[in-house]
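Presented below is the structure to which this report refers.
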């Protein structure tokens, strides 16, 4: 089973290749800062499937969820804080390499990258589509490295 460093490298490689191909085809040519952010989103996607185990990915995600949840409570956004808390519990109900290692989770889980800006900030979804796609690529790279296909 690959470790977190392999999953990080795999996600970065797949997304780097995708960005290179999109640029070469003239489909998408982000600036350097955006490319770095896209690779970071991909790495996060590549680490997420292992949040159901004692892993560095889990520590990172639950630490981030704690910060975001505290911010939402501070802003008196209790409905969103409750939704985040509910979603954070979901990986705990499955076994390792259970639902977090499925193709449908690789499409569904990253949708928060599109939904959060829309619901929390009232922003349009289109500018966040590249970040969603990068997160999906990272997630799928994890599944490929774990030989789930």
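Readers should treat all values here as calculations from the given coordinates under stated rules, not as data from a laboratory. Since we're looking at a predicted model, the values are computed, not measured. Virtual Cβ from ideal backbone geometry, glycine too; neighbours counted across all protein chains shown.
Arrange the following residues from fewest to most other Cβ atoms within 10 Å of their Cβ: 8, 35.
Numbers: 8 22, 35 18.
Ascending Cβ contact count within 10 Å gives the list 35, 8.
Using Cβ contacts closer than 10 Å as the measure, can you line up 68, 14 from fewest to most?
Result, fewest neighbours first: 68, 14.
Fewest first, what order do 103, 24 take by the number of other Cβ atoms within 10 Å?
On the way: 103 12, 24 9.
Placing the least packed residue first, the sequence is 24, 103.
For region 33-149, the relative contact order works out to 41 percent when only alpha carbon pairs closer than 8 Å and six or more residues apart are counted.
Between residue 115 and residue 82, the simple spin-label model (points 7 angstrom out along Cα→Cβ) gives 1.6 nm. Checking the a/c ratio against 1.5 first, then a/b against b/c, what shape does the Cα gyration tensor give for region 28-107? Because a/c hits 1.5 or more and a/b fails to exceed b/c, region 28-107 counts as oblate.
Protection proxy ranking of 48-61, 125-138, by the mean of other Cβ atoms within 10 Å over each peptide's residues and highest first, is 125-138, 48-61.
Per-residue extension of 0.36 nm, minus the Cα-Cα distance of residue 75 and residue 13, leaves a gain of 18.5 nm for this segment. Compared with the direct C-alpha span, the chain from residue 21 to residue 103 gains 27.2 nm at full extension, assuming 0.36 nm per residue.
Sort region 36-80 into rounded, prolate or oblate with this rule: let a ≥ b ≥ c be the square roots of the eigenvalues of the Cα gyration tensor; rounded if a/c is under 1.5, and if a/c is not under 1.5, prolate when a/b is larger than b/c, oblate otherwise. In terms of gyration-tensor shape, oblate.
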